[in-house]
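The values are calculated or read from the model by the stated rules, or taken from the named source; none is laboratory data. Quick caveat: nothing in here was measured; it's all calculated off a predicted structure. A quick note on method: Cβ atoms are made from the backbone with ideal geometry, for glycine too, and the neighbour counts reach across all protein chains shown.
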Amino acid sequence: MFNVKMKNHCSKYALTFFILLILNSCDPIVGYEYHLRNASDSALIIKFKANRNVGDTICVLKILKHSDTLIYKTEIWGSNPHDENNRFLKLFDFITAARLDGKPVNKDIRNRAYWNYKNKIVHFGLIKTGTNIYTLVLTNDDIK
């Protein structure tokens, strides 16, 4: 009788230990999304190279007038999604915006002050994870 109780008691501790081990050994992921809201009357071209790209791939996106576009989305190891402040473009080697005729926009899109920030927080056990979301809005005044 004593051995059965001891065995059940040890099994409960072993199961609890195993669950805690699994939860603590998982590496959480933080997502990053970069959006462009083109509120202007002109189509735009966004060029960028993400430093997570393989090789020297340069991405070129045509952004239609009056549209919202997801420019780039990725996930990296980490936890506690928060505003990266002046390091918010750390995932890019470069990023530029221009009109279709090649003239650059008047707004310095690398300036954090022009981007809106929000996040989606998800709790993974005791760990806070989720997605950082940055949105740039360009208007007619920004692309004259």
inquiry  = One residue is enough: does region 75-89 have a residue meeting the conditions crowded, with 17+ Cβ neighbours inside 10 Å and more than 23 Å from residue 62 (Cα to Cα)?
reply    = yes
inquiry  = part of a strand (DSSP E or B) and within 12 Å of residue 32 (Cβ to Cβ): is that true of residue 74 in this structure?
reply    = yes
request  = Tell me which residues, restricted to region 105-122, are charged (D, E, K, R) and out of contact with any strand residue (DSSP E or B) (no Cβ under 9 Å at 6 or more places or on another chain).
outcome  = 108
task = Could you pull out the residue among 52, 110 that is surrounded by 13 or more Cβ atoms within 10 Å (Cβ to Cβ), in contact (Cβ under 8 Å) with a residue 24 or more places away in the chain, in a loop (DSSP other than H, G, I, E, B) and charged (D, E, K, R)?
result = 52
Some residue of region 91-107 being of a type outside the set (A, V, I, L, M) and assigned to a helix (DSSP H, G or I) = no
ask   = Is it fair to say residue 58 is touching a residue at least 40 places away in the same chain (Cβ under 8 Å) and of a type in the set (Val, Ile, Thr)?
value = no
task = Identify, by number, the condition in (1) in contact (Cβ under 8 Å) with a residue 12 or more places away in the chain; (2) closer than 22 Å to residue 28 by Cβ; (3) surrounded by 13 or more Cβ atoms within 10 Å (Cβ to Cβ) that residue 118 doesn't meet.
result = (3)
message = I'm trying to understand the selection: among the residues of region 63-107, which are in contact with an Asp or Glu (Cβ under 7 Å, 6 or more places away or on another chain) and without any contact (Cβ under 8 Å) to a residue 40 or more places away in the chain?
response = 65, 70, 90, 106, 107
request  = Please work out if residue 60 is farther than 30 Å from residue 125 by Cβ and either within 19 Å of the chain's Cα centre (by Cα) or loosely packed, with under 13 Cβ neighbours inside 10 Å (or both).
outcome  = yes
remark   = The number of residues in region 90-107 that are surrounded by 12 or more Cβ atoms within 10 Å (Cβ to Cβ), more than 22 Å from residue 30 (Cβ to Cβ) and of a type in the set (Asp, Glu) is 0
ask   = Just for region 121-139: of the residues that are modelled with pLDDT of 95 or more and over 20 Å from residue 83 (Cβ atoms), which one is surrounded by the most Cβ atoms within 10 Å (Cβ to Cβ)?
value = 138
